[in-house]
1. Which number in (1) outside any strand (DSSP E or B); (2) touching a strand residue (DSSP E or B) at 6+ places or on another chain (Cβ under 8 Å); (3) of a type outside the set (Ser, Thr, Tyr); (4) within 25 Å of ASP103 (Cα to Cα) marks the one condition that ARG64 misses?
2. State all residues of region 8-40 that are farther than 23 Å from LEU68 by Cα, part of a helix (DSSP H, G or I) and touching a residue at least 12 places away in the same chain (Cβ under 8 Å); if no residue qualifies, say none.
3. Can you name every residue in region 67-92 that is part of a strand (DSSP E or B) and surrounded by fewer than 24 Cβ atoms within 10 Å (Cβ to Cβ)?
4. For the subset of region 1-24 comprising residues that are of a type outside the set (Ser, Thr, Tyr) and touching a Leu at 6+ places or on another chain (Cβ under 6 Å), which member is nearest to GLU88 (Cα to Cα)?
5. Out of region 41-61, which residues are assigned to a loop (DSSP other than H, G, I, E, B) and not hydrophobic (A, V, I, L, M, F, W, C)?
6. Looking at (1) modelled with pLDDT of 95 or more; (2) outside any loop (DSSP other than H, G, I, E, B), which is the one condition that is false for ALA114?
Amino acid sequence: MRRVPVSVVVPAFNESRRLPFSLPVLVAALRDFPGAEVIVVDDGSSDDTAGIATRLLRDLPTGRVIRLPWNSGKGTAIRAGVAAATGEAIVFTDADLASDVSDLPLLLAALSDAEVAIGSRRVGEGATRPYVRQLGSWAFNQLTRSFTAIDLADTQCGFKAFRRDEAKVLFSMARATGFGFDVEVLAMATAMEYRIVEVPVRWSEEPGGTFSVIRHTPSMIVDLARARRYLRQAGRPIPLRAAEPGGTGPGPGGRPDDPAAGADVIPLDRGHAQPAPISSGNSLRSSAAEGVARARPSSSG
């Protein structure tokens, strides 16, 4: 299976209204990474999320849509997308693009020195959020630190990047299905002594999100307890390696009881379009470095 420089996974639940605005922006940003892959995972939506994503990605040779059979949670959707991804780097971002996708080159460049790079709204001053959301984020971060001792300023920003092999290992082991999956994945990464760096990103609150403090907080606390258990059990780094594409398994989720195992990969009608060739010199590091150079303002003039 041919690998691409970067795969971007977009979990989507009832996002038919926002995808027409966000997906074209994402696709345009990925022009700096020839051959980049976009995977939209429809998490059992009751609207036309899958159909709209299919139409929007029709002209992208490396665009894919995966439809889960029922609503299974953000963590499950991202796990299915990561399992299907072929990129040397694997990124996930929210469907509303609350994180400024123009910061993607900075996130990818950080993978030159770390296995995991996470966008942070609490490092730097690029985030615009209502006070109540800031307070809730701070409270959950304090709870995370007390449960797990993970020393990160922002575990919940929906903009994270992983080196390919590490992503495949972490998400194949993950069990959290909902919004608490971030902490679980980061706890496993910490237990396995992966290097994690935080990258300041620009972020703006977008209306219409599906997170509910009352409905989702209890399950997130359960996920925190699971993350705490991982760290307690880890006496030393776990020498695991990712399986190569094409191996046997029950499906995208990797487990027989996983809803992602029943996911439908929706073919996109592109006529006779073929994937764009990937230059042998187009490595992740060089692509990221070029993107960073474009993203930063020139000092001349």
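1. Of everything listed in (1) outside any strand (DSSP E or B); (2) touching a strand residue (DSSP E or B) at 6+ places or on another chain (Cβ under 8 Å); (3) of a type outside the set (Ser, Thr, Tyr); (4) within 25 Å of ASP103 (Cα to Cα), ARG64 misses just condition (1).
2. VAL25, ALA29, LEU30, ASP32
3. Our first condition is that a residue be part of a strand (DSSP E or B); within region 67-92, this holds for 67, 87-92.
Correct list: ARG67, GLU88.
4. Quick first cut of region 1-24, residues of a type outside the set (Ser, Thr, Tyr) only: 1-6, 8-15, 17-21, 23-24.
Narrowing further to those that are touching a Leu at 6+ places or on another chain (Cβ under 6 Å): 5, 23.
Numbers: PRO5: 5, LEU23: 21 Å.
Filtering region 1-24 for residues that are of a type outside the set (Ser, Thr, Tyr) and touching a Leu at 6+ places or on another chain (Cβ under 6 Å), the one nearest to GLU88 (Cα to Cα) comes out as PRO5.
5. Our first condition is that a residue be assigned to a loop (DSSP other than H, G, I, E, B); within region 41-61, this holds for 43-48, 57-61.
Within region 41-61, ASP43, GLY44, SER45, SER46, ASP47, ASP48, ARG58, ASP59, PRO61 qualify.
6. (2)
Residues checked against (1) in contact with a Cys (Cβ under 8 Å, 6 or more places away or on another chain); (2) modelled with pLDDT of 90 or more; (3) not charged (D, E, K, R):
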site	(1), (2), (3)
ARG164	no, yes, no
ALA167	no, yes, yes
PHE181	no, no, yes
GLU184	no, no, no
GLU198	no, yes, no
GLU206	no, no, no
ILE214	no, no, yes
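The values are calculated or read from the model by the stated rules, or taken from the named source; none is laboratory data. Values in this document were obtained by computation on a predicted structure and should not be read as measured data. Here the Cβ is made from the backbone with ideal geometry for all residues, glycine too, and neighbour counts use every protein chain on show.
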